[in-house]
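The values are calculated or read from the model by the stated rules, or taken from the named source; none is laboratory data. What you are looking at is a predicted structure, and each value in this text was computed from that prediction instead of being measured. Cβ sites come from the backbone with ideal geometry, for glycine too, and all protein chains shown count toward neighbours.
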Amino acid sequence: MPPMDAVAGEAPFIEARDLVKQFGGMRVVDGMSIALARGEMVGLIGPNGAGKSTMFNLLAGSLRPTSGEIIMDGADISSEGPETRIAHGLGRTFQIPRPFGEMTVLENVLTGGQGQSGERLWVNFLRPRRVATEEKAAVEKARGLLDFLRLTPLALEPARVLSGGQRKLLELARILMADPQAILLDEPAAGVNPALLELIIDRVQALHAQGRTILLIEHNMEMVARLCSRVAVMATGRLLAQGTPGEVARDPAVLRAYLGSTA
Ligand SMILES: Nc1ncnc2c1ncn2[C@@H]1O[C@H](COP(=O)(O)OP(=O)(O)OP(=O)(O)O)[C@@H](O)[C@H]1O
Ligand SMILES: [Mg+2]
């Protein structure tokens, strides 16, 4: 199947071409292509084990593809590591967030900051004032993000006290510290209670309204239908179908793939 067209005529902001990831003899991602226009929000759905999270690992650089290319903003980033991709403006959340449990919520958010000179010891030594100013700015930014995600009352609690849904929000705050222009969200609504789910949907919508490009893996089809005008369906490592949420929900091949996965 040809790559999903982003917006006709415009070069995609993020594009995966023919990605393959093989583990031993298993092709977990098997020639998957997808393209997102700048500012677009696209859903990535598919049965358990389809290869969606592996696609995210390839896009974010935590896994190297066996073959295929990843292009972001016109540059081939296929061989770059995760840190460089973050610096390029690509952020990703994990399906199962693992915050530092003994660190406070605020400190966890601060770990998402990029390129602060305090990370380099010699700058700390030579320019303590500059480091102090940057740290103050980072704390202010982190506090603003905690506000945005309604986590302020928990800012000074150890992260281990957070519920599953609150951990998803914390993860989002952490990656927003690096100002990502593109965000990969791996099941932000999984295991989240209904009240928190509404907040998460609302915040993802707000991030999209700020102009960010978003790729959303989610099993909650109601959420996908509310947020995404375009959906890619993955099954056995490949792009099985694409279209509006309504179109893919009626696609017999998609229904078969889901039935097959539960049979
Ligand atoms: N490091 C690995 N080594 C071997 N096999 C792996 C590895 N990572 C993932 N897999 C296998 O690849 C397949 C796809 O896994 P992946 O996590 O990408 O699926 P998914 O679409 O995200 O599923 P889910 O909806 O359940 O999260 C699974 O069969 C999984 O067991
Ligand atoms: Mg997954």
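Screening the candidates GLY81, GLY74, GLY49 for the property of being surrounded by fewer than 18 Cβ atoms within 10 Å (Cβ to Cβ) and within 16 Å of ligand 2 (Cβ to nearest atom) yields one hit, GLY49. Note on the range 244-257: residues that are buried (at least 17 other Cβ atoms within 10 Å of the Cβ) and either within 21 Å of the chain's Cα centre (by Cα) or modelled with pLDDT under 90 (or both) amount to 1. Can you find a residue in the range 184-199 that is modelled with pLDDT of 95 or more, away from ligand 1 (no atom under 14 Å from the Cβ) and touching a strand residue (DSSP E or B) at 6+ places or on another chain (Cβ under 9 Å)? No, the range 184-199 contains no residue that is modelled with pLDDT of 95 or more, away from ligand 1 (no atom under 14 Å from the Cβ) and touching a strand residue (DSSP E or B) at 6+ places or on another chain (Cβ under 9 Å). The set of residues in the range 62-116 that are touching an Asp or Glu at 6+ places or on another chain (Cβ under 6 Å) and among the small types (Gly, Ala, Ser) comprises GLY68, SER78. Going through (1) at pLDDT 95 or above; (2) under 29 Å from ALA225 (Cβ atoms); (3) within 16 Å of ligand 2 (Cβ to nearest atom) one by one, PHE23 falls short only on (2).
For the residues ILE96, ILE70, ILE86, the requirement of being of a type outside the set (Gly, Ala, Ser) and touching a residue at least 60 places away in the same chain (Cβ under 8 Å) singles out ILE86.
Is at least one residue of the range 174-183 among the polar types (S, T, N, Q) and at pLDDT 95 or above?
Scanning the range 174-183 turns up at least one residue that is among the polar types (S, T, N, Q) and at pLDDT 95 or above.
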